[in-house]
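K.L.:
Handing you a structure now.
The values are calculated or read from the model by the stated rules, or taken from the named source; none is laboratory data. Note that this is a predicted model, so its numbers are computed, not measured. Ideal geometry is used to build each Cβ from the backbone, glycine not excepted, and the neighbour counts take in all protein chains shown. When the accessible area is computed, the model is the full protein with side chains, heavy atoms only, and any ligands, DNA or RNA have been set aside. Shrake-Rupley method; radii C 1.70, N 1.55, O 1.52, S 1.80 Å.
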Amino acid sequence: MLINCAAYQDGRKLADVRKEDIHGYLSRPGCFVWVALKDATPEELTEMQRAFDLHELAVEDARHGHQRPKLDEYGDSLYAVVHTVEAGAEELKIGELSLFIGRNYVLSVRNRTEQGFASVRARCEREPHLLKLGSGFVLYALIDAVVDRYFPVLDALEDELESTEERIFAGTPARENIEALYALKQKLMTLKHAAGPLQETTGKLYGGRVPEICAGTQEYFRDVYDHLTRINQSIDSLRDMVTTAISVNLSLITVHENETVKRLAAYAALVAVPTMIAGVYGMNFEHMPELKWVWGYPLSLALMVGIDGYLFYRFRNAKWL
């Protein structure tokens, strides 16, 4: 689906362009065309390939999708893949943004992504002095928007971890806590798969040799790289905290089991004393001490209660009961 198609020159929007008129604007000096597609069909990609003379390998990657975040150079053009991350009800939704960047064109193709990039286009049009930098600045603006959308997702995962930690110490069933922590760890891994390779990709766009298209925008890509560094560090820290939380949860399970074992041992000791005494006097021997004594029965009961009372007092002081 074609979302938008417009031509820009000297930082200003010239006009919305029909697909049939793209070639005419590409031939204008200092002019570039910005086309946005959503869930493009193979026919639409083939049409754009002819319009912008895109490399067949890049088009093939965009057509098949499910690419790792990367940046490929094809002569004087670039092909970049960026993963979008959106928070879902149960799990993170991963989309894919394919970017074809040339000297006089920008083609963005988003797949499995609900949130669009109309705000990015509006931002660029509000900053004509930056849009003068051409398609390289548009590449920065799109990647920057994707990276900025990682932060709310990361904040939500931090809140989820804090909530789970509170439930751990509030006595929530251990199985629920472990399931929640493993689900959180999986989400962090998903976000890491999007942000980690993108940091490596962005690092190629500033400092040292950079593609000619990105000349003059290195400081902007360095800013994106710094954001990705912070995101990746936060992800690593959260993963360590999740691992620690799992260990703490398992330790609490062990502590709880030990408390249960101690309580059962205490009750077993309380039951063992009268059982032992009753067992002794229940033996059928002819000659036994106090067998004919009138106070033997009450004394044995008193002895059972006394010993159990003493044991109960000691166990209670030791906090076994």
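K.L.:
Hey, V210 hits all of (1) at pLDDT 90 or above; (2) out of contact with any strand residue (DSSP E or B) (no Cβ under 8 Å at 6 or more places or on another chain); (3) within 19 Å of R103 (Cα to Cα); (4) hydrophobic (A, V, I, L, M, F, W, C) but one; which does it fall short on?
P.N.:
Only one criterion in (1) at pLDDT 90 or above; (2) out of contact with any strand residue (DSSP E or B) (no Cβ under 8 Å at 6 or more places or on another chain); (3) within 19 Å of R103 (Cα to Cα); (4) hydrophobic (A, V, I, L, M, F, W, C) is unmet by V210, namely (1).
K.L.:
Condition check: of a type outside the set (G, A, S), under 22 Å from H193 (Cβ atoms) and open to solvent by less than 70 Å² (accessible area, probe 1.4 Å). Does V85 satisfy that? Steps first, please.
P.N.:
Details: of a type outside the set (G, A, S): yes; under 22 Å from H193 (Cβ atoms): yes; open to solvent by less than 70 Å² (accessible area, probe 1.4 Å): yes.
Spelling it out, V85 is indeed of a type outside the set (G, A, S), under 22 Å from H193 (Cβ atoms) and open to solvent by less than 70 Å² (accessible area, probe 1.4 Å).
K.L.:
Where residues in the stretch 251-303 are surrounded by 11 or more Cβ atoms within 10 Å (Cβ to Cβ) and of a type in the set (S, T, N, Q), which of them is modelled with the highest pLDDT?
P.N.:
Within the stretch 251-303, the match that is modelled with the highest pLDDT is T275.
K.L.:
In the stretch 212-231, how many are surrounded by fewer than 21 Cβ atoms within 10 Å (Cβ to Cβ) and assigned to a loop (DSSP other than H, G, I, E, B)?
P.N.:
Counting residues in the stretch 212-231 that are surrounded by fewer than 21 Cβ atoms within 10 Å (Cβ to Cβ) and assigned to a loop (DSSP other than H, G, I, E, B) gives 2.
K.L.:
Restricting attention to the stretch 85-132, which residues are closer than 24 Å to P211 by Cβ and among the aliphatic types (A, V, I, L, M)?
P.N.:
Within the stretch 85-132, L97, L99, I101, V106, L107, V109, V120, L130, L131 qualify.
K.L.:
A follow-up question, please. Would you list the helices (runs of 4 or more DSSP H) that sit entirely within the stretch 97-191 and hold 2 or more residues that are of a type in the set (D, E) and open to solvent by 40 Å² or more (accessible area, probe 1.4 Å)?
P.N.:
Those helices (runs of 4 or more DSSP H) span 150-169.
K.L.:
A further question on this structure: Is it the case that the stretch 189-201 has a residue that's β-branched (V, I, T) and closer than 30 Å to E90 by Cβ? Please lay out each step first, then the result.
P.N.:
Initially, the stretch 189-201 is screened for residues β-branched (V, I, T), giving 190, 201.
Checking the rest, the ones that are also closer than 30 Å to E90 by Cβ come to 190, 201.
Scanning the stretch 189-201, I find at least one residue that is β-branched (V, I, T) and closer than 30 Å to E90 by Cβ, so the answer is yes.
K.L.:
Restricting attention to the stretch 72-82, and to residues there that are touching a residue at least 60 places away in the same chain (Cβ under 8 Å) and in a strand (DSSP E or B), which single residue is surrounded by the most Cβ atoms within 10 Å (Cβ to Cβ)? I'd like the intermediate steps shown before the answer.
P.N.:
Kept after step one, since they are touching a residue at least 60 places away in the same chain (Cβ under 8 Å), are these residues of the stretch 72-82: 73, 76-78, 80, 82.
Narrowing further to those that are in a strand (DSSP E or B): 73, 77-78, 80, 82.
Numbers: E73: 13, S77: 20, L78: 23, A80: 24, V82: 26.
Ranking the candidates gives V82 first.
K.L.:
Quick one: what pairs do we get from the stretch 297-311, first residue within 19 Å of L321 (Cα to Cα), second surrounded by fewer than 16 Cβ atoms within 10 Å (Cβ to Cβ) and among the charged types (D, E, K, R), C-beta under 9 Å, 6+ apart or different chains?
P.N.:
none
K.L.:
For the condition free of Cβ contacts under 8 Å to residues at least 24 places away in the same chain and of a type in the set (S, T, Y), what is the one hit in T46, T113?
P.N.:
T46
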